[in-house]
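Read through the structure below, which is laid out as structure tokens, and then see the notes.
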């Protein structure tokens, strides 16, 4: 597996380039699937797991349904890759009904389309779309279904450049990042009235591919605190938290590597201001961390996580109760899910039907205030399906 494709699987990191790498691997002729779902029980935790496919989801390797963000009401936002390799956003209501949607201007060819990352309690959804020439634009889908696209001033207008809207809070504030004409990343905050302010973390590099990133789905909390990562001039990752007044605090987890693409990568901030994420050590192995609001850092890893390069523990989301949902890549390079409680106890979770070959398996993406978890899993054929795990 390439490092770029691994970045796609993590999804809390920039996926605009890696998604297109995935597009290129999609099968050309595949039958579409109808909306469907299956219910099973997670015997270890006595939880219920519901699997589902969005309408039109492709059945080929790399295609299918990717459930990403969940809120307390049970609504889920995500994206689907159809048989032609086109991306479409979707909203799954609490009752299971799924509505697909496309942002205005989104390309309709293979490797283009609409990706939804984040949903707030009001039902507003944000994400990005890639147009016919490969430029990305942010969008906001209102609860009623109307969609407005936007671009950050200074965003590049060439292939793989543009605006990436990745997180929305209850007030409708959208956080994300943009890639400028020199391929440098910068963060941005879009107010509910549409006003956009850009920002750069102290120490962020200014070379191609470097700069400031914002975390997906839960990169901004209800109070407007933002977390993300930045790649410095030496291509090492560091993390930051940005206060509502624009003040930055940067941090590194002890033990994080200092080589290229090593370091500390945050993934999520909860309403209390706690942050979770991963740090990549000098051997390129990932480990989880939890940073308390006072800055205290607790490191952890899931028993069974692999110790080889590219393997390890990868937290994805931190809910209001400080429970962490994420995945780990084991020694056989299979994705396995986990849930870490506030007290530190870890429950492993694997969706029935998930494949057990390399780079198949279960990938939890987010967990809500009730303890429900959503995400996606790859079957034995490499096709992806959404799931919902409820306590």
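The values are calculated or read from the model by the stated rules, or taken from the named source; none is laboratory data. What you see is a predicted model; the values in this text were computed from it and never measured. Neighbour counts run over all protein chains shown; Cβ positions are idealised from the backbone, glycine included.
Points worth noting:
- Listed by position, the strands (runs of 3 or more DSSP E) contained in the stretch 95-165 that have at least 3 residues being more than 30 Å from residue 390 (Cα to Cα) are 136-141, 147-150.
- When 322, 239, 218 are checked against the criterion of being surrounded by fewer than 22 Cβ atoms within 10 Å (Cβ to Cβ) and either in contact with a helix residue (DSSP H, G or I) (Cβ under 6 Å, 6 or more places away or on another chain) or in contact (Cβ under 8 Å) with a residue 24 or more places away in the chain (or both), 322 stands alone in meeting it.
- Residue in the stretch 284-298 that is touching a helix residue (DSSP H, G or I) at 6+ places or on another chain (Cβ under 7 Å) and at pLDDT 95 or above present: no
- Residue 313 being free of Cβ contacts under 8 Å to residues at least 60 places away in the same chain, at negative phi and either crowded, with 19+ Cβ neighbours inside 10 Å or part of a loop (DSSP other than H, G, I, E, B) (or both): yes
- If you check 211, 207 for being at positive phi, surrounded by 14 or more Cβ atoms within 10 Å (Cβ to Cβ) and touching a residue at least 24 places away in the same chain (Cβ under 8 Å), only one passes: 211.
- Test: residue 351 is surrounded by 20 or more Cβ atoms within 10 Å (Cβ to Cβ), assigned to a loop (DSSP other than H, G, I, E, B), without any contact (Cβ under 8 Å) to a residue 60 or more places away in the chain and out of contact with any helix residue (DSSP H, G or I) (no Cβ under 8 Å at 6 or more places or on another chain): no
- Within the stretch 371-380, tally of residues that are surrounded by 16 or more Cβ atoms within 10 Å (Cβ to Cβ) and either in a loop (DSSP other than H, G, I, E, B) or free of Cβ contacts under 8 Å to residues at least 40 places away in the same chain (or both): 3
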